[in-house]
1. Exactly one condition in (1) within 16 Å of Ile34 (Cα to Cα); (2) without any contact (Cβ under 8 Å) to a residue 40 or more places away in the chain; (3) out of contact with any Lys or Arg (no Cβ under 8 Å at 6 or more places or on another chain) is false for Val103; which is it?
2. State all residues of region 86-123 that are more than 17 Å from the chain's Cα centre (by Cα) and either polar (S, T, N, Q) or not in a strand (DSSP E or B) (or both); if no residue qualifies, say none.
3. If you take the residues of region 32-59 that are in contact (Cβ under 8 Å) with a residue 40 or more places away in the chain and assigned to a loop (DSSP other than H, G, I, E, B), which of them is surrounded by the most Cβ atoms within 10 Å (Cβ to Cβ)?
4. Going residue by residue through region 65-84, is there one that turns out to be closer than 18 Å to Ile27 by Cα and of a type outside the set (D, E, K, R)?
5. Considering only region 106-138, state which residues are within 27 Å of Asn77 (Cβ to Cβ), charged (D, E, K, R) and at pLDDT below 95.
6. Scan (1) loosely packed, with under 12 Cβ neighbours inside 10 Å; (2) within 18 Å of Asp23 (Cα to Cα) for the single condition Trp129 breaks and write down its number.
7. What are the pairs, 6+ residues apart or on separate chains, where a residue within region 119-143 that is over 16 Å from Ile28 (Cβ atoms) has its Cβ under 7 Å from a residue that is of a type outside the set (Lys, Arg) and loosely packed, with under 11 Cβ neighbours inside 10 Å?
8. Please go through (1) in contact (Cβ under 8 Å) with a residue 60 or more places away in the chain; (2) within 12 Å of the chain's Cα centre (by Cα) for His83 and return the number of the only condition it doesn't satisfy.
Amino acid sequence: MHKLLSFIILLFCSTIIAAQTTDSLFIIERNQQIDNYVVAHNTTALDSLYGNDFVFSHGSGRVEGKEGWFVSVAKGNFISRQHDSVSVEFHPQLAIVKGKLSVQKKGKETIDNYHLYYIRVFAIRDKRWQMISHITTREYHTP
């Protein structure tokens, strides 16, 4: 009986860990897909992936909402936006994502390369995950 109970507990814990891993991978993939759409200037696809109350806190200190960010996306000159070292922390109806984003952007005469560390918050809204916050915590530029 003791072995059966131990087996059931182990199976239950394994199921929970497998579900969290699957959810983490989904959020990590969604996080990258958002920035792929940013590079493609696809605000139509982005609209359902951002909450209406989305807030973007830039490394410069500028803060803007969804509408302002979409204006920037539409006229942005991003070449690439790639995530690295991403981790996900789950809470009820919430996922906190931390990572590094490497960005290449066309400047007036050069290509700007910079990296930023961020915290993003995703929430379940209307039965789907939406990003509601992006906070740049540190940013540095490379030649």
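The values are calculated or read from the model by the stated rules, or taken from the named source; none is laboratory data. From a predicted model like this one, the values you see are computed outputs, not experimental measurements. Glycine gets a Cβ as well: all are built from the backbone with ideal geometry, and neighbour counts include every protein chain shown.
1. Going through the list (1) within 16 Å of Ile34 (Cα to Cα); (2) without any contact (Cβ under 8 Å) to a residue 40 or more places away in the chain; (3) out of contact with any Lys or Arg (no Cβ under 8 Å at 6 or more places or on another chain), Val103 breaks only (3).
2. Pro92, Gln104, Gly107, Lys108, Glu109, Thr110, Asn113
3. So, considering only residues that are in contact (Cβ under 8 Å) with a residue 40 or more places away in the chain and assigned to a loop (DSSP other than H, G, I, E, B), the one surrounded by the most Cβ atoms within 10 Å (Cβ to Cβ) is Leu49.
4. yes
5. Lys106, Lys108, Glu109, Asp112
6. Of the numbered conditions (1) loosely packed, with under 12 Cβ neighbours inside 10 Å; (2) within 18 Å of Asp23 (Cα to Cα), the odd one out for Trp129 is (1).
7. Ala123/Gln93; Ile124/Gln93
8. Condition not satisfied by His83: (1).
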